[in-house]
Structure formats: structure tokens, C-alpha cells
Amino acid sequence: MKRYFIAGNWKMYKTIGEAVSLAADLREKLAGCGEKLMIAPPFTALKAVGDVLAGSNILLGAQNMGPEELGAHTGEVSVLMLKDVGVSVVILGHSERRHTYGENDQLINRKVRLALQHGLEVILCIGETLEEREAGRLEEVIRTQLEGGLAGVGIEQLSRVTLAYEPVWAIGTGRNATPEDADAVHAFCRRVIAQLYSQEAAASITIQYGGSVKPENAAALMAKPNIDGALVGGASLKAESFVPIARFR
Ligand code: 13P
């Protein structure tokens, strides 16, 4: 049976106390859930949340990572530091990193390769803006992000890469892509992966959908053949909305 990957991206929310309390609640309420689960608190709460999650079925994720192992890089957090606090998955190329902080595919690719080299799993986020979609550039944008983000990533490393399709116009807007629209883009991603790697890699790669996922739309999205999970923002900030998403079936 298909095992879905349901992940929560807490973005710049939650003090340590708030994060610990939500993580403890999720640990209890998601015990026994058979899906692959991850939560990504802000950096400041990683250690405390990692302690709460130890021995549970929820993985500890980070929301970003610096492109170097160490050095004079004021304000960055390195892969070694993430591993030191027990992080096993890192979200890279989130649209807020791309559009608010100017990250390009080249920078994202350096991070992707470094994270994989160090044994982490990567969630590589891709997605078009409304302007790009309306200009008919959807496939070109997605292809460029996939080719750029995955440059130099070997097929043997690809099993540790999850793709997250997050159309920018659906993030935090309450307006999710329809399951049909999302499924079609996921299918396109598989075609690109087949060209870059192989048919087997395309069939087996996990592709999450993200953008206004809620308890009310999770099951319909997950029912689509090319959707293998969800990357949840706003609705991951409360157990009452994240738990029913993770337990959508
Ligand atoms: P929302 O679920 O709040 O739309 O955010 C999606 C997202 O950006 C997850 O990474």
C-alpha cells in the first residue's frame, strides 16, 4: 500500500515553548499513524522539538540550510549543525526563499548537493507564480527548477529526494490547486525525472503537493495517482488541523 509523506512547515512561527507543546501534542495524537511524517520548526526550536520527538514516528525537519559546511557566513545555519541537533530532512528551494530572499536554482542546487552528501533527505520545492502560469510558462518554469535544483545529483542519491509542488498562488491564500491541476503538474514532473534519470526513478520519486492543504481537501488531493503526500504550512500550526490531514484515510 502507498505510504504518503505528510510534512508540516511551521515557517517563522512558534517560540520554543509553543513548539514543544505542539510537538508533544502531535507525538501523542499521531502515534500509530502509518504515513511518513515530518515537522519542520524554526531553527531556534529544533533541538527542543527533536528531544520531544525522539523515538517517535515523526521526523525532524529544517526549513533551510546554508550552502557551505562551515566558515565565515554570518546568519547561516550549516548542514553539520542541523545533523548535530538530529535533523534528518531539509526543505530547500521553498518559494518564500526564492521570491522573498532571492534564492536561485544555482544556490538551491549547492544546498541540495551538500545536504545529500551529508546523508540528509531533501524536500526540493518547485512551483510557478500566477503570472508565469497565466503566461503559459508553467512547464518551462517547472522544468528549469527541476533541472537546476537536481544538477549533479546522481540517481543513487535521488531516493533521498522528495519533490514538493507548491504553486506560489496557492500558498497561504486559501486557494488550493484542484486535485486535477496538481496531479497534471506532478505527472509532468515525473516526465522530466524520466528524461533526467529513468522511468523507474520517475515512478518511484515521492511528489508532495503544497498550497492551502486543509483537512477538508487532503483526501481528494491524496486520491490522485501522482500525489504522494503534502507539505502543509498554515494548517500544520495546530494539532486540530494537522492531525486530520495526516490521518486523511
Ligand atoms: P500553506 O499551507 O499555508 O498554504 O503553505 C504551504 C507551504 O508553503 C508549505 O511549505
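The values are calculated or read from the model by the stated rules, or taken from the named source; none is laboratory data. On a predicted model such as this, the values are computed, not experimentally measured, just so you know. All Cβ positions, glycine included, derive from the backbone under ideal geometry; neighbour counts span all protein chains shown.
Numbers at a glance
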quantity: Of the criteria (1) more than 16 Å from the ligand (Cβ to nearest atom); (2) modelled with pLDDT of 95 or more; (3) within 25 Å of Y209 (Cβ to Cβ), which one M1 fails; calculated: (2)
quantity: Residue tally, condition of a type in the set (D, E) and either touching a helix residue (DSSP H, G or I) at 6+ places or on another chain (Cβ under 8 Å) or within 16 Å of the ligand (Cβ to nearest atom) (or both), over the stretch 141-169; calculated: 2
quantity: Of all residues making up the stretch 6-17, the number that are touching a residue at least 12 places away in the same chain (Cβ under 8 Å) and more than 13 Å from F242 (Cα to Cα); calculated: 6
quantity: Residues that are more than 16 Å from the ligand (Cβ to nearest atom) and either within 12 Å of G149 (Cα to Cα) or touching a Ser or Thr at 6+ places or on another chain (Cβ under 6 Å) (or both), drawn from the stretch 93-110; calculated: N104, D105, Q106, L107, N109, R110
quantity: Meets criteria (within 11 Å of the ligand (Cβ to nearest atom) and closer than 25 Å to E134 by Cα) for T178; calculated: no
quantity: Count of residues meeting criterion [of a type in the set (V, I, T) and within 15 Å of the chain's Cα centre (by Cα)] in the stretch 154-177; calculated: 4
quantity: Tabulated pairs, the stretch 220-249, first under 19 Å from L124 (Cα atoms) and free of Cβ contacts under 8 Å to residues at least 12 places away in the same chain, second of a type in the set (S, T, Y) and assigned to a strand (DSSP E or B), C-beta under 6 angstrom, 6+ apart or interchain; calculated: none
quantity: Index of the failed condition, R133 passing every other in (1) surrounded by 19 or more Cβ atoms within 10 Å (Cβ to Cβ); (2) over 27 Å from R110 (Cβ atoms); calculated: (1)
quantity: Subset of the stretch 97-122 that is in a helix (DSSP H, G or I) and among the aliphatic types (A, V, I, L, M) - its residue that is surrounded by the fewest Cβ atoms within 10 Å (Cβ to Cβ); calculated: L107
quantity: Any hit, the stretch 23-32, residues being in contact (Cβ under 8 Å) with a residue 60 or more places away in the chain and touching a strand residue (DSSP E or B) at 6+ places or on another chain (Cβ under 8 Å); calculated: yes
quantity: K14, sole failed condition from (1) within 16 Å of the ligand (Cβ to nearest atom); (2) on the phi < 0 side of the Ramachandran plot; calculated: (2)
quantity: Residue in the stretch 65-85 that is within 16 Å of G233 (Cα to Cα) and either exposed (fewer than 15 other Cβ atoms within 10 Å of the Cβ) or within 16 Å of the ligand (Cβ to nearest atom) (or both) present; calculated: no
quantity: Some residue of the stretch 229-249 being in a helix (DSSP H, G or I), in contact with a Lys or Arg (Cβ under 8 Å, 6 or more places away or on another chain), of a type outside the set (S, T, N, Q) and within 12 Å of the ligand (Cβ to nearest atom); calculated: yes
